[in-house]
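Scroll down for the structure; my scribbles are underneath it.
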Amino acid sequence: MDTHERLRQLYVSNRCAKAILDDLASREDEAVTTVERVREALAGAGTSCSRREVIAVFKKLQQIGAGFFIVGRRSLPSRFVPIESLSLAEIGRAARGNSAPGRDRAPGPGAADLQAAGVISHRFVLRPDFLLTVELPSDLTRAEATRIAEFIRSLPFG
């Protein structure tokens, strides 16, 4: 079963997944969404899904291969980041059967949720099976970037 079929299966088999995927389909090709933002959007549409249910759907989307669920740490929110070749809207539309994932990608405005907090999420594919996500301040200085680079260089590699 390919990703598109697995998204369709999730969509028809889970009430919260259907609501979440419908919400994602209506987004303007955002690069990330948070658990709380999804819960607020669902509540505004008259659907109630617990935090646990939203996280379970994000984890299922990760199992399907549509993206990555990232647990919030150090005041950053728990969030879902789609794989590099997809947007949130494409995942939602594919689950509804409107299109196959990755077919109609248009660059989006970025990670609005994190940018509002002064943070920009950067994704880097280190290997085909390893996506590195780093959240950095939107006003990162050259000196801070140099410090980060020096830190990476200092890591022991086996």
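The values are calculated or read from the model by the stated rules, or taken from the named source; none is laboratory data. Because the structure is a prediction, the values reported are computed rather than measured. When we count neighbours, we look across all protein chains shown, and the Cβ atoms used for this are built from the backbone with ideal geometry, even at glycine.
Before we move on, is Phe69 crowded, with 16+ Cβ neighbours inside 10 Å and outside any helix (DSSP H, G or I)? Answer is yes for this residue.
Yes or no: Phe80 in a strand (DSSP E or B), out of contact with any Cys (no Cβ under 9 Å at 6 or more places or on another chain) and surrounded by 18 or more Cβ atoms within 10 Å (Cβ to Cβ)?
Details: in a strand (DSSP E or B): yes; out of contact with any Cys (no Cβ under 9 Å at 6 or more places or on another chain): yes; surrounded by 18 or more Cβ atoms within 10 Å (Cβ to Cβ): yes.
Against the criterion (in a strand (DSSP E or B), out of contact with any Cys (no Cβ under 9 Å at 6 or more places or on another chain) and surrounded by 18 or more Cβ atoms within 10 Å (Cβ to Cβ)), Phe80 qualifies.
I'd like to know if the range 137-156 contains one or more residues that are assigned to a strand (DSSP E or B), loosely packed, with under 14 Cβ neighbours inside 10 Å, at pLDDT 75 or above and out of contact with any Leu (no Cβ under 6 Å at 6 or more places or on another chain). Steps first, answer last, please.
Looking only at the range 137-156, we keep the residues that are assigned to a strand (DSSP E or B), and these are 137.
After this cut, where a residue has to be loosely packed, with under 14 Cβ neighbours inside 10 Å as well, the list is 137.
This time we only want the ones that are at pLDDT 75 or above, so: 137.
Filter again for out of contact with any Leu (no Cβ under 6 Å at 6 or more places or on another chain), leaving 137.
Yes, the range 137-156 has at least one match.
Here is a list: Gly67, Gly72. Which entry is small (Gly, Ala, Ser) and touching a Phe, Trp or Tyr at 6+ places or on another chain (Cβ under 8 Å)? Spell out the reasoning first.
Details: Gly72 fails: touching a Phe, Trp or Tyr at 6+ places or on another chain (Cβ under 8 Å).
Result of the check over Gly67, Gly72: Gly67.
From Val71, Val125, which residue is at pLDDT 85 or above, of a type outside the set (Ser, Thr, Tyr), under 18 Å from the mean Cα position of the chain (by Cα) and over 15 Å from Glu30 (Cβ atoms)?
From the options Val71, Val125, the qualifying one is Val71.
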